[in-house]
Every structure is written in C-alpha cells, then in structure tokens.
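Structure first, then comments.
The values are calculated or read from the model by the stated rules, or taken from the named source; none is laboratory data. Please read these numbers as outputs of a predicted model, since none were measured by experiment. Positions of Cβ are generated from backbone atoms using ideal geometry, with glycine treated the same way; all protein chains shown enter the neighbour counts. Side chains included, ligands, DNA and RNA excluded: accessible areas come from the protein's heavy atoms. Shrake-Rupley method; radii C 1.70, N 1.55, O 1.52, S 1.80 Å.
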Amino acid sequence: QVQLVESGGGLVQAGGSLRLSCTASGNIFKINNMGWYRQAPGKQRELVAIITSSDITRYADSVKGRFTISRDNAKNTVYLQMNNLKPEDTAVYYCSAAISLAPVSGDSDYWGQGTQVTVSS
C-alpha cells in the first residue's frame, strides 16, 4: 500500500514563510507528477503547484513568484517552499502523486491527509 505523509504546516504571520514536505512510501515502482493542492473553508480544492518527473513546474497564478515546488527523487519527497504568505493562503494543503506500482502498470493518484496552513494578518 502507498502512503503520502505531509508535514510542515502551521500558523505564521503575513509575510512569513513555511516549508511543506510530503514523502511517499510503500511498494512504489515510479513516481511521475507530484503536486500540491489546497482547500480553504467553503471553497473547492485548487491546484497550487505541480512538478513532473522531468522537473517541469507549473504554478497557480496566485502563488507565482512566492511559492517554489521541488522534489527529491531519492527520498520520494516533494517540497513546497512558501514565502511572503498572505491571509488568503490559509487552507488545508494536500500533496498528490501519480504513482505506478509495477513496470507495466499505469499511474494511480494518491493523496496525503492534508496539513493546515494558517496565515494571520
């Protein structure tokens, strides 16, 4: 079974920084795209940033220039460095990974349990 475990959330003042981490474990053959999503109260879950296995990145317009996604393939870990945080960044942040379990199997999407990020004004 595959597990994604996030860490690094918390409470920070506006203008501050946080770094989220998410590590995948289990019977993994290959991890393809990895990403971060967030869901604020009363809103739909939205994409924050995604990184491919070739380190191509894409960001939501609202976080461009402030957030940086990266990955360490040796550790099966994806990171989200969040700088200049704003109150509107407050949400539960979820990591996601497209993982194949065998050489001939396709990808399945796995999700972490979420970590709360709260930015006070």
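Some observations on this one:
- Longest DSSP-loop-exposure-free segment, trypsin sites (Lys or Arg not before Pro), the chain, at most 11 other Cβ within 10 Å: 65-121
- Choice from 42, 65, 16 showing the highest fluctuation, given a GNM over the chain with Cα pairs closer than 10 Å: 42
- Computed in the context of the full set of protein chains, the accessible area of the chain at 1.4 Å probe radius has 46% of its extent on carbon or sulfur.
- Comparing 44, 81, 13 in a Gaussian network model of the chain (Cα springs below 10 Å), the most mobile by mean-square fluctuation is 44.
- Within the chain, all pairs of alpha-carbon atoms sorted by distance into 10 Å bins from zero give the percentages 14, 47, 29, 9, 1.
- GNM flexibility winner over the chain from 96, 62, 105 (Cα, springs under 10 Å): 105
- The label point for residue 102 and the one for residue 55, both projected 7 Å from the Cα toward the Cβ, are 3.3 nm apart.
- Each Cα pair under 8 Å and six or more residues apart adds its sequence gap; the mean of these over the residue count of the chain is a relative contact order of 36 percent.
- Total lysine pairs in the chain at Cα distances under 27 Å, for residues eight or more apart or on different chains: 5.
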